[in-house]
Amino acid sequence: MDNLNTNDVNRISAGTVFKGEITSPGDILIDGKFDGHLESTGKLTVGSEAQVKGAFICRDIDFGGSMESGTFVVKDTLSLRSGSAIKEGDISYGRLQVELDARLGGTCHYLAEGEFEKKIESVKSSNNSKA
C-alpha cells in the first residue's frame, strides 16, 4: 500500500455505517457502508461487500463494492473490480481499468492534464449548494 504502515490506513470495517465527511492524507479502506464526502491524497480501496454513496475525490480508487449514486474524481487510476457495481455515477478519471463483470452506469469523463483541480472545485461547489 504505497509504503504505508498498516496503522496509517484509515478503515471503515464491515458492519460499520459512516455518514459524514472524511479528509485524509493517507489511504482509506472501506468494507462497511459510507454515505457522504470523502477526500484523500492517497488511495481509496472499496471492498467487495462495501456499499457507498456520495462524493469521492482521491488519487486512486480500487473499487470492488457497490454504489447507488455518487461522484468519483480520480486523479490517476480508477480500477473497477469484477463484481463491482456503480448504478448511477458521475465518474472522472486519469486512467480507467475495468475487469470483466464490473458494472458501470452513469457518465464517464477522462481528465486531461490540469482538469483534476477544476473538477474538484466543481464537485465542492455542487455539494455546497446542496447543503
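Near residue 84, the amide H atoms lying under 5 Å from its own belong to 103; only residues 5 or more places off or on other chains count, and H is placed 1.01 Å from N. Close amide H partners of residue 71, meaning residues 5 or more places away or on another chain with modelled amide H under 5 Å apart, are 54, 55, 56, 90. Taking other residues whose beta carbon is less than 13 angstrom from the beta carbon of residue 102, and scoring Lys, Arg as +1 and Asp, Glu as -1, yields 0. Overall, the chain carries a charge dipole of about 280 debye about its Cα centre when +1 sits on the Cβ of Lys and Arg and -1 on the Cβ of Asp and Glu, all other atoms neutral. Is the shape of the stretch 45-131 best called rounded, prolate or oblate, per the rule: a/c under 1.5 gives rounded, else a/b larger than b/c gives prolate, else oblate, with a ≥ b ≥ c the square roots of the Cα gyration tensor eigenvalues? It comes out oblate by the Cα gyration axes.
Taking other C-beta atoms within 10 angstrom as a stand-in for reagent exposure, 23, 41, 77, 71 fall in the order 23, 41, 77, 71, fewest first. Only lysine pairs 8 or more places apart, or on different chains, with alpha-carbon atoms under 15 angstrom apart are counted in the stretch 6-120, and they number 7. Rounded, prolate or oblate: which fits the stretch 1-87, taking a ≥ b ≥ c as square roots of the Cα gyration tensor eigenvalues, rounded meaning a/c under 1.5, else prolate when a/b beats b/c? Since a/c stays below 1.5, the shape of the stretch 1-87 is classed as rounded. Using the average count of surrounding beta-carbon atoms within 10 Å as a protection proxy, the listed peptides 45-55, 90-100, 108-118 rank, highest first, as 45-55, 90-100, 108-118. A dipole drawn for the chain from +1 and -1 charges on Cβ atoms has a positive end, and of 102, 46, 67 the residue lying farthest that way is 67.
Throughout, read-outs are computed from the coordinates displayed, never taken from laboratory work. Just so it is clear, the model here is predicted, and its values are computed rather than measured. Because the Cβ atoms are built from the backbone with ideal geometry, glycine has one as well, and the counts that use them run over all protein chains shown.
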